[in-house]
Ligand code: SAH
């Protein structure tokens, strides 16, 4: 079973890059995402100092191992699967994928094949003949201005390739209360609300229906049912105690704005 993209079989190919800084930034992005093979084809300037400055110390090994070629055809010769990246949406002949869908597709392909992901020069991108080398094309979705910085495009693709390998975190599933636990809680609540005259004894179901609906949305856990039942029990105890003591009990803090007259529920 595949758990993700086989990153050892992925190479990033920069075709005719103009700026050494973009090569360095691309190397850094690759390092962040665990991809190490960088192929550079016919760079306009290959100034290692300028490349390294942007690669930072962490990605120096990626820079040191850059493989240089003078033509794209030679660079792509050993690859079984070639992906082209393009900001342009014009080419209707080949289906355009998103980075996330590409990554999913590459999970099985990269397990058994060397895969090249080709990026074009900063000014004009990949030409149609260059795109015709590709088995599939990918476009990073954007707002109206679709052309990303070369190294940032490398980052987004590399991130998606990395992410495709991360298993989704297991959702924590709490133990929800059973009907066996819920029904006595509602029974207890009905009894209490009738006895404290919040709802009328002749038609308690009308109000209980609303309360049930609200509480059902919460998906109560067993422990929460115990809390509600505990509150009911305690209110019951307190009302009974005040009654038998012949006292009114503690009155609410006036700052809370709660009056002590009976109101019952109101329709809203
Ligand atoms: N004007 C060029 C953009 C060049 S940007 C064009 O229209 O294609 C340099 C490279 O970065 C592109 O060749 C491509 O490899 C990559 N890139 C930039 N924006 C992209 C996007 N939205 N989707 C996919 N790749 C993109």
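Nothing in this text is a laboratory measurement; each read-out follows from the coordinates by a stated rule. Since the structure is predicted, the reported quantities are computational estimates derived from the model, not experimental observations. Neighbour counts run over all protein chains shown; Cβ positions are idealised from the backbone, glycine included.
How many angstrom separate the Cα center of region 139-163 from the Cα center of region 24-64?
So the two Cα centres are separated by 17 Å.
Does anyone have the angle between helix 20-32 and the longest principal axis of the chain? Alpha-carbon axes, 0 to 90°, nearest 10?
40 degrees
Percent relative contact order of region 7-163, based on C-alpha pairs within less than 8 angstrom and at least six residues apart? Before the final figure, lay out each step's value.
Numbers: 298 pairs, mean separation 51.0, N = 157.
So the answer I get is 33 percent.
Which FRET efficiency value, to the nearest 0.05, do you get for residue 32 and residue 123 by plugging their Cβ-Cβ distance into 1/(1 + (r/R0)^6) with R0 = 22 Å?
After rounding, the FRET efficiency stands at 0.30.
Return one number: the angle in degrees, 0 to 90 and rounded to the nearest 10, between the long axis of the Cα atoms of helix 99-112 and the longest principal axis of the Cα atoms of the chain.
60 degrees
Can you give the alpha-carbon Rg of region 7-163 over 2.2 N^0.38 Å, where N counts its residues?
Ratio of Rg to 2.2 N^0.38 Å for region 7-163: 0.94.
For the ranges 30-38, 7-15, what's the packing order if you count other beta-carbon atoms within 10 Å of each residue, average per peptide, and put the highest first? Please list the in-between numbers first.
Numbers: 30-38: 20.3, 7-15: 21.9.
Ranking the peptides 30-38, 7-15 by packing returns 7-15, 30-38.
Among 187-193, 226-232, how do they line up by average Cβ neighbours within 10 Å per residue, starting with the highest?
Values: 187-193: 17.3, 226-232: 14.3.
So the order, starting with the most tightly packed, is 187-193, 226-232.
Which ordering of 96, 131 is given by a fewest-first count of other beta-carbon atoms within 10 Å? Numbers along the way, then the final one.
On the way: 96 17, 131 20.
Placing the least packed residue first, the sequence is 96, 131.
On C-alpha positions alone, give me the angle between the axis of helix 222-245 and the longest principal axis of the chain, in degrees, nearest 10.
Rounded to the nearest ten degrees, it is 20.
Show me 132-140, 195-203 ranked by packing, highest mean number of other Cβ atoms within 10 Å first. Provide the component values of the computation, followed by the final result.
Details: 132-140: 18.1, 195-203: 12.9.
Those peptides, ordered most packed to least, come out 132-140, 195-203.
Counting only C-alpha contacts under 8 Å and six or more residues apart, can you give the relative contact order of the chain as a whole percent? Intermediate values should be presented prior to the final figure.
Values: 375 pairs, mean separation 54.7, N = 268.
The normalised contact order for the chain reaches 20 percent.
On full extension of the chain, what length is gained from residue 255 through residue 58, given 0.36 nm per residue of separation minus the C-alpha to C-alpha distance? Present the calculation step by step, with values, prior to reporting the outcome.
Details: separation 197, 0.36 × 197 = 70.92 nm, distance 6.08 nm.
Using 0.36 nm per residue and subtracting the Cα-Cα distance, I get 64.8 nm.
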